[in-house]
Amino acid sequence: MRTKIISGVFFLALFISCGTKSAVSTRTEANSKTEEVAVVPKKALKNVVMTQALTEGKESYENNCAKCHKLFEPTEYTKENWAPILVEMQMKAKLNDVEMASISNYIYSQL
């Protein structure tokens with residue numbers, strides 16, 4: 001009976017930790033006050049020629065970022081809003097600089 005309760009609590013905690021909360025913070029470390037992130041209205045993606053490097057960046061974005069939260073369209077935020085988000089997510093996702101540069105290039109190419 002005790003092991004069933006412990007197992008139930010463990011799986012409940014695991015389920016809650018994988019919830020749908022966004023991993024993107026609207027707070028910066030440098031500023032202790034909560035900042036509002038300007039959300040840009042959705043618009044059609046630019047007609048950008050997807051080079052192999054941009055395609056790899058898109059795949060990295062989809063494969064790494066979707067592990068923890070929903071994917072945001074690159075146009076949902078401005079370049080100024082993306083910069084701190086990408087820095088924070090690089091640390092959380094444990095991405096190296098090359099992977100992060102690829103993801104950043106893809107996102108910025110769509111703005």
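A simple packing score, the average count of other Cβ atoms within 10 Å per residue, orders the peptides 75-82, 101-108, 55-62 as 101-108, 55-62, 75-82, with the highest score first. Multiplying the residue separation of residue 76 and residue 59 by 0.36 nm and subtracting their alpha-carbon distance yields 4.3 nm.
Counting 0.36 nm for each residue step from residue 66 to residue 105 and taking away their Cα separation leaves a gain of 12.3 nm. Of the three principal axes defined by the Cα atoms of segment 41-100, the extents in descending order read 31, 27, 20 Å. Remark: the residue 48-residue 98 segment gains 15.8 nm on full extension, using 0.36 nm per residue and subtracting the alpha carbon distance.
Bear in mind that the values in this text are calculations on the coordinates, not laboratory data. Computed from a predicted model, the values in this text were never measured in an experiment. When we count neighbours, we look across all protein chains shown, and the Cβ atoms used for this are built from the backbone with ideal geometry, even at glycine.
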